[in-house]
Every structure is written in C-alpha cells, then in structure tokens.
Amino acid sequence: MMSVDLSVVPEHFRRYVQLITEEGNILDILAHQTSLDVDFYASISAEKSTFRYAENKWTIKEVLQHVIDTERIFQFRALCIARNESQALNGFDENAYAKAANGNHRSWEDLQAEFHLVRQASLALFRSFELTVWKNSGKVGNYEITVEGLIYSVLGHSLHHEKIIRERYL
C-alpha cells in the first residue's frame, strides 16, 4: 500500500484523506473511485440536483461544481509543485467561486460529464509525474503540501462531499 504521511497534508485536509479506506496504489484507487463517482452522480435525478437541505446551503449541482473547481485547483497546485515552483501559491475562497460559477444554471448532465473529464485529466496528470516528484513540497497560502498530499486530497475531498450528499441531501 502506498500510504500518505499525514504530516505533509495540512490539518484542514486530513479529515478528507482519512476517508480513503481502500488500500493500494492511490492512482488505481482514484481510477476505481471515478467509476463509482460517475455512477453515484448518475443515480441522482436532474430534479433532485437542485435540492438544498437548508437555506443558504449549496444545491447538489453547486456541490458538484465545487468538487470540479477544487479538483482543477489541486491539479494546478500539484503541477506547480511537481515542476519546482518556488513562489507560494494562492488559496481560494470556495464560496466566492461557487457564487461566480452559477452551477445551478448548468444542466445536470453537463456537470456530470465535466466531472468525469476533469477526473480523467487528474489521472493523466498524476500518472505523468515521476514518483520522485511526489515528495516535492510547496507552499499554498500559509501551509506546506506535497504533490502526494494533493493527489490524496483530490480523492479525499471528493469522498467528503459525496458523504455529505448521501447524509444530508438524499
């Protein structure tokens, strides 16, 4: 099993990474989880995708848009760190991104297709990295993270939001 050293994952990402229970190569796990995620989102109706469980909470569409945006940001960060970027990378305000994304104005089918494409892009990018760069560390905002930590965070973050959807929306 390729396990991640939680000390290289920022505190606020550790709860996500700890949701990964499958053992083995993280890229194989991510690929397997992709098919499960695609099936999961396909099981949600377009009508249900606009549901929010409380006032001022995101709809399922907005949650999926957030997962997509965050995965893209994690890809970018992993690429920068893998390529030895010396500058600190910026954080992002997830609520501002969600508001600007207007996920509710998109079709549910389009969001699902985009999620699948973004995940395929993540897998292609992460598979392109030599294992030696997985330990490269970079600064994001006020914390350090490794390429490996970002790969685990992609999966953990997605699992976190799927869990919330199951528990609070469905």
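Annotation note: Cβ proximity below 8 Å between a residue of the stretch 122-138 that is farther than 10 Å from A82 by Cβ and a residue that is part of a helix (DSSP H, G or I) and among the small types (G, A, S) (sequence gap 6+ or interchain) occurs for L123/A31.
Checking A78, A96 one by one, the residue that is among the small types (G, A, S), out of contact with any Lys or Arg (no Cβ under 9 Å at 6 or more places or on another chain), surrounded by 15 or more Cβ atoms within 10 Å (Cβ to Cβ) and within 27 Å of T146 (Cβ to Cβ) is A78 and no other. Tell me, yes or no, whether the stretch 61-70 has at least one residue that is assigned to a loop (DSSP other than H, G, I, E, B), farther than 16 Å from V154 by Cβ and in contact (Cβ under 8 Å) with a residue 24 or more places away in the chain. No, the stretch 61-70 contains no residue that is assigned to a loop (DSSP other than H, G, I, E, B), farther than 16 Å from V154 by Cβ and in contact (Cβ under 8 Å) with a residue 24 or more places away in the chain. When the criteria are applied in full, K57 meets the requirement of being surrounded by fewer than 18 Cβ atoms within 10 Å (Cβ to Cβ), under 22 Å from A100 (Cβ atoms) and among the charged types (D, E, K, R). Scanning the stretch 25-50 for residues that are assigned to a helix (DSSP H, G or I), within 23 Å of G103 (Cα to Cα) and of a type in the set (G, A, S) yields a count of 3. Here K61 passes the criteria (1) under 17 Å from R106 (Cα atoms); (2) within 14 Å of the chain's Cα centre (by Cα) except the one numbered (2). Report whether or not T21 is among the polar types (S, T, N, Q) and in a loop (DSSP other than H, G, I, E, B). Yes: the conditions hold for T21.
Here's the yes/no breakdown for (1) at pLDDT below 95; (2) in contact with a Leu (Cβ under 9 Å, 6 or more places away or on another chain):
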position	(1), (2)
L30	no, yes
F40	no, no
K61	no, yes
E71	no, no
C80	no, yes
E85	no, yes
L89	no, no
A96	no, no
K99	yes, no
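Selection of the stretch 71-99 for residues being closer than 22 Å to I164 by Cα and in a helix (DSSP H, G or I) yields E71, R72, I73, F74, E94, N95, A96, Y97, A98, K99.
Out of L6, L36, one residue alone is surrounded by fewer than 18 Cβ atoms within 10 Å (Cβ to Cβ), among the aliphatic types (A, V, I, L, M) and modelled with pLDDT under 95. It is L6.
For the stretch 140-157, the tally of residues that are buried (at least 23 other Cβ atoms within 10 Å of the Cβ) and part of a helix (DSSP H, G or I) stands at 9. Scanning the stretch 120-139 for residues that are surrounded by fewer than 21 Cβ atoms within 10 Å (Cβ to Cβ) and either among the small types (G, A, S) or in contact with a Lys or Arg (Cβ under 6 Å, 6 or more places away or on another chain) (or both) gives A121, A124, S128, S137.
The values are calculated or read from the model by the stated rules, or taken from the named source; none is laboratory data. Quantities reported herein were computed from a predicted structural model and do not represent experimental measurements. Every residue, glycine as well, gets a Cβ built from its backbone with ideal geometry; the counts of neighbours run over all protein chains shown.
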